[in-house]
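What follows is a set of notes on a single structure, which appears directly below.
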């Protein structure tokens, strides 16, 4: 039996060579969200299990099979690692009265957890960027969410991501459709697989999302929810489409798009790609007007979406996108007792001027330190021996240009290096 302790299957380390691309993605996303007026909110990773059962729906794959749920040893509460972020965000908005005075544009980032079979693009710990607009009723917010994601793909340089949209209408629309759909599926019960039969009378819309090839012909011929929409639902959906067309955002209506969470109504959408195999959905969301009340707040409209960070990073790598290199401005080389003390002080003074500084640690000859300085990618080496330290000066050597090594005061060196940044 191996005594090695390793990461849990499906929960992955993000190593430095990949972390730079993560940082680039996160910085780009945060700037993009701020440009649309969204503010950051941070929720706990662990919530009461009842929150997700109430929000997501007990007859869903997530609640039935995928949640990491455990009993709190101190008080016996049932707790769950969050499998998605919307329920937590809405809970926080209710608990802290965020909707008391004005609607809210919020976003969050972080890990989610689902007990699934790990494969490329599907992990047990995965990361999402979630965007929620709470208190906005009109189709304009539905359209904004889609249009802003289209802008992000352009900003990241990601082509070939296709938009699919649908509407789930109102609860009354779905009740009418549910009756017709159940009647249709009952007539073909002998064709249904075990999962579809289990959902037939609990969550029949989810049958339409089945990936079983044997059911595709049956699903294609099933009654369409669009045929059961009332006038208000049709107007809302058409208004969203008009705004998308005006913004030049291409889309396809997918009548089988129902999403995997029970709280959605009206507009739902997915951005999909064929570059990632079976895990082709990189961003998805829609409107969920009943969720605030369902969790325990006063009725309020809402909509939002989430994007899978790992999948989008895999797509960036598919297109050979690289993060801008993180290059130090200066590598401080030093040897000698007085030099070692002065080097620490000089490095801090450079950082006071906004420079990125690597201070050599661990000793070694000037020759070995200079090799490390060159390998670091820094633009300059700042060389300090006991002679320089005694004079309160440093020797500055360019590592990337053919320039003479110069001796000067620390502040003069900071000015020269900073001038090279501009």
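Looking only at region 136-175, how many residues end up being farther than 23 Å from residue 250 by Cβ and at pLDDT 95 or above?
Filtering region 136-175 down to residues farther than 23 Å from residue 250 by Cβ leaves 136-137, 169-175.
Next cut, at pLDDT 95 or above only: none.
Of the residues in region 136-175, 0 are farther than 23 Å from residue 250 by Cβ and at pLDDT 95 or above.
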**Prompt:** Going by the structure shown, is residue 140 in contact with a strand residue (DSSP E or B) (Cβ under 9 Å, 6 or more places away or on another chain) and in contact (Cβ under 8 Å) with a residue 60 or more places away in the chain?
**Reply:** no
**Prompt:** Assuming residue 4 fulfils every condition listed in (1) closer than 20 Å to residue 307 by Cβ; (2) surrounded by fewer than 16 Cβ atoms within 10 Å (Cβ to Cβ); (3) not assigned by TED's automatic domain parsing to the domain that holds residue 145 apart from one, which condition is it?
**Reply:** (1)
**Message:** Can you pull out every residue in region 95-113 that is free of Cβ contacts under 8 Å to residues at least 12 places away in the same chain and either more than 20 Å from residue 137 (Cβ to Cβ) or in contact with a helix residue (DSSP H, G or I) (Cβ under 9 Å, 6 or more places away or on another chain) (or both)?
**Reply:** 95, 96
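Looking at region 286-297, is at least one residue part of a helix (DSSP H, G or I), assigned by TED's automatic domain parsing to the domain that holds residue 107 and free of Cβ contacts under 8 Å to residues at least 24 places away in the same chain? Before the answer, list the steps.
Filtering region 286-297 down to residues part of a helix (DSSP H, G or I) leaves 291-295.
Narrowing further to those that are assigned by TED's automatic domain parsing to the domain that holds residue 107: 291-295.
Keeping just the survivors that are free of Cβ contacts under 8 Å to residues at least 24 places away in the same chain gives 293.
Yes, some residue in region 286-297 is part of a helix (DSSP H, G or I), assigned by TED's automatic domain parsing to the domain that holds residue 107 and free of Cβ contacts under 8 Å to residues at least 24 places away in the same chain.
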**Complete:** Quick count over region 389-406, residues being touching a helix residue (DSSP H, G or I) at 6+ places or on another chain (Cβ under 7 Å) and within 20 Å of residue 340 (Cα to Cα), is 5
**Lone unmet requirement of (1) modelled with pLDDT under 80; (2) assigned to a loop (DSSP other than H, G, I, E, B); (3) surrounded by 19 or more Cβ atoms within 10 Å (Cβ to Cβ); (4) in contact with a helix residue (DSSP H, G or I) (Cβ under 7 Å, 6 or more places away or on another chain) for residue 259** = (4)
**Complete:** The condition of being surrounded by 17 or more Cβ atoms within 10 Å (Cβ to Cβ) and over 30 Å from residue 204 (Cβ atoms) holds, among 41, 62, 45, only for 41
**Fill in**
Every listed condition ((1) in a helix (DSSP H, G or I); (2) under 19 Å from the mean Cα position of the chain (by Cα)) holds for residue 116 save (1)
**Request:** Using the structure shown, decide if residue 217 is more than 30 Å from residue 102 (Cα to Cα) and either out of contact with any strand residue (DSSP E or B) (no Cβ under 6 Å at 6 or more places or on another chain) or in a loop (DSSP other than H, G, I, E, B) (or both).
**Result:** yes
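Based on this model, can you work out whether residue 347 counts as buried (at least 19 other Cβ atoms within 10 Å of the Cβ), farther than 30 Å from residue 282 by Cα and free of Cβ contacts under 8 Å to residues at least 40 places away in the same chain?
yes
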**Request:** For region 383-422, name all the residues that are under 42 Å from the mean Cα position of the chain (by Cα), assigned to a loop (DSSP other than H, G, I, E, B) and without any contact (Cβ under 8 Å) to a residue 24 or more places away in the chain.
**Result:** 400, 401, 422
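The values are calculated or read from the model by the stated rules, or taken from the named source; none is laboratory data. In this text the structure is predicted, and so the values were computed from the model without any measurement. Reconstructed Cβ throughout: ideal geometry from the backbone, glycine too, with neighbour counts over all protein chains shown.
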